[in-house]
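I have placed the structure first, in the form of structure tokens, so that the comments after it can refer back to it.
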Amino acid sequence: MMKLYGVIGDPIAHSMSPAMHNDAFSRLGIPAYYHPFHVKPNDLKKAVEGMKAIGVEGFNVTIPHKTAIIPLLDELDPLAEAIGAVNTVVRKNDRWIGYNTDGDGFVRGLKETLGRDLHLDHILIIGAGGAARAIYYTLASEHVRLIDIANRTMEKAARLAEQCPFETKTNVLSISEAEQRMGNYSIVIQTTSIGMSPKTDEMPLSLSLLKKGTFVSDIIYNPLETKFLAEAKKQGAITQNGIKMFVYQGVSAFEKWTGVSPDANRMEKIVLEQLGGYHVNR
Ligand code: NAP
């Protein structure tokens, strides 16, 4: 029988996940279908119960439900619990189990591009929102020893560091302190929404002291190259946009649902087609 998967969010019409997952199901000969479900915040509880009742096998969760869904699940993976957000739900023995594959997706994409371990890196994360939290805790859970965080609202960055359940050393920085220390880092990860379309001429901070050869990632993928990434490239950095994070959060979700690894390169191509571009910046 055809298995049913999906994504819930509000809005959901422009989700790229259905094209990515349905292609993978079809290429791998898995009889399954992935559907976008528009679920408003007030309907979340009914939706989660309804999906169990009709036999949905698993689903992704996107804005604005990533945190609100937690009390509606039967079990939570420890990393998702630490992050405080769920983007992937798996049905096991009729129980909903919540995971967070956003941070894992980012770290898998990063490791694939760098082709090495991250233990010895000194990393700067710019931003302290939901995406930063997922990336920071996942990096810390993988034993990265030095991870600094800079954010406009420093208290939010301080809270992130205080609440991190994994051992790592972190300096909480103001934006101007991060600009001054830019030359210290081997990896810089931009996680704020600054530079995202339509405000594409904005940058979260100056990169004038960036070292040549630093790896600079911006998790935004619309536009494919933010002003921040273009500036980093000009300064001699190796750059990567947010496509790989998106693709690998999907790869990790697919693996949890099916036990099979989909073709990440093909998923990336489909996502780029959905965005109307064919060029990955790195
Ligand atoms: P969020 O929780 O709302 O956090 C937003 C972050 O941006 C905070 O650090 C916030 O700083 C900062 N910020 C926003 N406007 C600012 C401004 N005008 N000046 C300075 N700082 C500002 O958002 P999120 O969920 O983490 O998402 C952040 C970005 O990541 C979005 O662009 C999203 O599309 C992207 N994203 C990409 C992927 C992917 O798969 N590639 C996945 C998730 C998210 P304050 O704390 O000071 O407000």
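Quick notes on this structure:
- Residue satisfying all of: in region 170-189; within 16 Å of the ligand (Cβ to nearest atom) and among the hydroxyl-bearing types (Ser, Thr, Tyr); nearest to the chain's Cα centre (by Cα) among these: 170
- Residues satisfying the stated conditions in region 227-250, i.e. away from the ligand (no atom under 11 Å from the Cβ) and basic (Lys, Arg): 227, 233, 234
- Residue match in region 268-278 (condition: under 17 Å from residue 183 (Cβ atoms), among the polar types (S, T, N, Q) and out of contact with any Leu (no Cβ under 8 Å at 6 or more places or on another chain)): no
- A count restricted to region 23-67 and to residues that are open to solvent by less than 70 Å² (accessible area, probe 1.4 Å) and either out of contact with any Leu (no Cβ under 6 Å at 6 or more places or on another chain) or modelled with pLDDT under 95 (or both) stands at 26.
- Residue match in region 138-149 (condition: within 16 Å of the ligand (Cβ to nearest atom) and either within 14 Å of the chain's Cα centre (by Cα) or assigned by the TED database to the domain that holds residue 64 (or both)): yes
- Test for residue 117: is it more than 14 Å from the ligand (Cβ to nearest atom), outside the structural domain of residue 187 (by the TED database) and not aliphatic (A, V, I, L, M): no
- Counting the residues of region 115-135 that are in a helix (DSSP H, G or I) and at pLDDT 95 or above gives 5.
- Of the candidates 200, 214, 192, the single residue that is within 22 Å of residue 235 (Cβ to Cβ), more than 13 Å from the ligand (Cβ to nearest atom), modelled with pLDDT of 95 or more and among the polar types (S, T, N, Q) is 214.
- Selection from region 78-109 of residues that are closer than 23 Å to residue 163 by Cβ and open to solvent by 40 Å² or more (accessible area, probe 1.4 Å): 78, 81, 99, 104
- For residue 153, the test of being more than 19 Å from the chain's Cα centre (by Cα) and away from the ligand (no atom under 11 Å from the Cβ) is failed.
The values are calculated or read from the model by the stated rules, or taken from the named source; none is laboratory data. Remember, it's a predicted structure, so these values are computed and weren't measured experimentally. Reconstructed Cβ throughout: ideal geometry from the backbone, glycine too, with neighbour counts over all protein chains shown. Note: accessible area is taken over every heavy atom of the protein model, side chains too, but ligands, DNA and RNA are not part of it. Shrake-Rupley method; radii C 1.70, N 1.55, O 1.52, S 1.80 Å.
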